[in-house]
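Q: One structure follows; several queries about it will come next.
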Amino acid sequence: MDISKNDTAVLVTDPQNDFLSEQGVTWQLVGESVKENRTVENIERLFKAAKNNGFEVFISPHYYYPTDHLWKFGGTLEKMMHQINMFDRSGALNLEGFSGSGADWLERYKPLIEDGKTIVASPHKVYGPENNDVMLQLRKRNISKVILAGMSANLCVESHLRALLEQGFEVAVVKDATAGARHPELGDGYQAALINFGYIANAVLSTDEVVRDMV
């Protein structure tokens, strides 16, 4: 997969406190994987490399509003996210209580995301981008190739990967700019994702490789 600022963008899913901060509600499950991969640092390196080399950056965030807690059914992890108030916001039309919350960006990313240039899509609600506008935003900028990173590996990242590929995008996953949960019964989400990344993506790269290819 050839990487060029003319047709390639960086897309980061869920660069938010509940996944990437030690105070986040999922840290007990994802923390070891995040630390081993240096996920926080590697996402920051991707942001900086993209900004410094003229690549557009897109964010696909995950937010839940009070009305979302009235859903009548959900999968295993959906139910867990609602139970622990993951990514909760007070409402779709206000930012009351947002700053510093689990739904907010990791503090070190704020200058890179809130620069007036980063494209923040509407929130996805389960795992994939089928219900937000990230694909429209990519297409409107003639982006056909995506460098994909963020959280978490076997859920939102893999779901975005599959959806983007089905819609005709080329996708490279940055394997050390993501991480996954380790659950005593459900297993290691990161290891599960790595297998599928290898089978499905156009490329599976390290942060070092992507940063080098952006120059």
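Q: Are there trypsin sites (Lys or Arg not before Pro) in the stretch 78-127 that DSSP puts in a loop and that have at most 12 other Cβ atoms within 10 Å, and which ones? Present the calculation step by step, with values, prior to reporting the outcome.
A: Working: sites: LYS79, ARG89, ARG108, LYS117, LYS125; in loops: ARG89, LYS117, LYS125.
Answer by residue number: LYS117.
Q: Let me ask something else about it. So if I take the centroid of the Cα atoms in the stretch 24-90 and the same for the stretch 116-172, what is the distance between those two points in Å?
A: If we compute the Cα centre of each part, the gap is 14 Å.
Q: Give a residue-ordered list of calculated ³J(HN,Hα) values for the stretch 112-125 (Karplus: 6.51 cos²θ - 1.76 cosθ + 1.60, θ = phi - 60°; whole Hz; x for Gly, Pro).
A: Those phi angles translate into 7, 8, 8, 9, x, 10, 5, 8, 9, 6, 5, x, 7, 10 Hz.
Q: Between THR13 and residues 5 or more places away or on another chain, which pairs have amide H atoms under 5 Å apart, with H built 1.01 Å from N, and which residues are they?
A: HN-HN under 5 Å from THR13: SER60, ALA149, GLY150, MET151.
Q: Peptides 140-146, 59-65: what's the order by average Cβ count within 10 Å, highest mean first?
A: Working: 140-146: 15.9, 59-65: 22.0.
Per-residue Cβ counts within 10 Å, averaged per peptide and sorted highest first, yield 59-65, 140-146.
Q: Out of all DSSP beta bridges in the chain, what portion is antiparallel? Express it as a percent rounded to 5. Write out the running numbers ahead of the final one.
A: On the way: 3 of 25 bridges.
Bridges in the chain are about 10 percent antiparallel.
Q: Cα to Cα, under 17 Å, and not fewer than 8 places away if on the same chain: which aspartates and glutamates meet these conditions relative to LYS117?
A: Counting by Cα, and skipping residues close in sequence, LYS117 has these aspartates and glutamates nearby: ASP7, GLU44, GLU56, ASP133.
Q: Could I ask something else about it? Mind listing the long-range amide H neighbours of VAL171? Cut-off is under 5 Å, sequence gap 5 or more, other chains count too, H placed in the peptide plane at 1.01 Å from N.
A: VAL146, ASN202, ALA203
Q: Out of residues 5 or more away from ASP133 or on other chains, whose amide H comes under 5 Å of its own, with H placed 1.01 Å from N in the peptide plane?
A: Answer set, sorted by chain and number: SER122.
Q: Kindly provide the helix-only [θ] at 222 nm of the chain, computed as the sum of -39,500 (n - 2.57) over DSSP H runs of four or more divided by all residues, to the nearest 500 deg cm²/dmol?
A: On the way: 9 runs with 76 residues, N = 215.
Computed ellipticity for the chain at 222 nm equals -9500 deg cm²/dmol.
The numbers here are math on the coordinates, done by the rules we state, and not lab data. Please read these numbers as outputs of a predicted model, since none were measured by experiment. Note that each Cβ is placed from the backbone with ideal geometry, even for glycine, and that neighbours are counted across all protein chains shown.
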